[in-house]
Amino acid sequence: MTEGRTKVSQDEGQRQDQRETRITDVVKDRGVEDHGPTEAVFRLADVHVHYGSFLALRGVNLEINKNEITAFIGPSGCGKSTLIRCLNRMNDLIPGAKVEGKIEYHGQDLYGDGVDPVEVRRRIGMVFQKPNPFPKSIYDNVAFGPKVIGMQPGSMDELVERSLRAAALWDEVKDKLKQNALAMSGGQQQRLCIARAIAVSPDVILMDEPCSSLDPMSTGRIEDLMEELKRDYTIVIVTHNMQQAARVSDRTAFFTAEATPGTGDRTGLLVEFDDTDTLFTQPADRRTEAYVTGRFG
């Protein structure tokens, strides 16, 4: 395995696997800059997720650090979206869903007694795969959340502008705030959804395949935006695009699905979690290497 990687890195002109080289090439150069000790926002210990009698995800252990972008990658059906929805208790809304193990958020049991799931979702916002603006004006989309939760900003106009600026959208819509958000392009709608999430002052932004329905230009804008947002927020992204994970994330978790003995069901599990450049260039598990080099299956 090591010999194959060495050959690819030494002689790109004679590469054995073009997909491996492409992904390796887009892993961003993070250098060796020391940013000091990291703070864990989430700690997951032996997390299992059931939908009724079906075990969707088993035995997940990982930490997600503050002001980093953490990517979840893996084939369809491996539990990536299931796990990200556990981080803000969205799975509570699915009948029969059950989370076992422990998920800590800043040291507090996220599923402990007395924890308000509505407050959890305010602090831990979600941006979905398909842009879902409300059928309201651009302004009202951003102002909706603060109004619902009773925020009393000094100026709602200033809050809306600040949120749209943070989502790199203000210059494009500042003269169209009263127009219906559904008239915007797909990429603009997704950035509006990010602005809407930002408006309620979250700590974490979860993104479940936020670019899957967007064109390459819009995808690039969202990726650039994530780099800006991580200065103030912790970001977790689910993506099927390995190049995207390599470009934007600081750490990457690779999941797969394997048959559960005696049931015939396939259960998701975490295979490997590491710094993104390490996971893509020197994976510790052969299943990870097979996936990132396109030999998975």
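The values are calculated or read from the model by the stated rules, or taken from the named source; none is laboratory data. The structure displayed is predicted, hence computed values, not measured ones. Note: ideal-geometry Cβ built from the backbone for every residue, glycine included; neighbour counts use all protein chains shown. Keep in mind that these areas ignore ligands, DNA and RNA; they rest on the heavy atoms of the full protein, side chains included. Shrake-Rupley method; radii C 1.70, N 1.55, O 1.52, S 1.80 Å.
In sequence order, the range 119-130 has phi-based couplings of 5, 4, 6, 6, 6, 10, x, 10, 10, 8, 4, 9 Hz under the Karplus curve 6.51 cos²θ - 1.76 cosθ + 1.60, θ = phi - 60°, and Gly or Pro positions carry x. Of the DSSP H helices in the chain, none is both long (alpha-carbon extent of 20 Å or more along the helix axis) and hydrophobic (Kyte-Doolittle mean at least 0.5). Its Kirkwood hydrodynamic radius, worked out from the mean inverse distance over all distinct Cα pairs, puts the range 30-171 at 17.7 Å. Here the range 174-206 and the range 220-297 have alpha carbon centers that stand 27 Å from each other. From its DSSP helices (H runs of at least four residues, each -39,500 (n - 2.57)), the chain gives a residue-normalised ellipticity at 222 nm of -10000 deg cm²/dmol.
In terms of Cα atoms, the Rg and Dmax of the chain work out to 20.0, 62 Å.
For the set LYS176/LYS230; LYS102/LYS147; LYS80/LYS102; LYS102/LYS130; LYS80/LYS176, the pairs lying more than 26 angstrom apart at their alpha carbons are LYS176/LYS230; LYS102/LYS147; LYS102/LYS130; LYS80/LYS176. In the range 178-252, the convex hull through the Cα atoms has an average projected area of 5.3 nm², a quarter of its surface area. Place a point 7 Å from the Cα of SER212 along the Cα-to-Cβ direction; which residues of the range 181-206 have their backbone N under 16 Å from it? 190, 206, by backbone N distance to the label point.
With 0.36 nm allotted per residue and the present C-alpha distance subtracted, the GLU119-THR260 stretch has 47.2 nm of extension available.
Rg ratio for the range 114-178: its Cα radius of gyration over 2.2 N^0.38 Å, N being its residue count, equals 1.21. Extending 7 Å from Cα along the Cβ direction at ALA284 and again at ILE94 yields two label points whose distance is 2.8 nm. In this structure the chain gives 49 Å² per residue of accessible area when probed at 1.4 Å with all protein chains present. Comparing VAL115, GLN190, VAL148 along the charge dipole axis of the range 108-211, the residue lying farthest to the positive side is GLN190, per the Cβ-charge model. In a Gaussian network model over the chain where Cα atoms closer than 10 Å are linked, find which of ASP113, ASP140, ASP92 has the largest mean-square fluctuation. With Cα springs under 10 Å in the chain, the top fluctuation among ASP113, ASP140, ASP92 is at ASP113.
Share of carbon and sulfur in the accessible area of the range 59-170 stands at 48%, probe radius 1.4 Å. Taking all protein chains in place and a 1.4 Å probe, what share, in percent, of the accessible surface of the range 174-230 do carbon and sulfur account for? So the carbon and sulfur contribution to the accessible surface is 49 percent. Volume per residue of the convex hull around the Cα atoms, evaluated for the range 36-111, comes out as 92 Å³.
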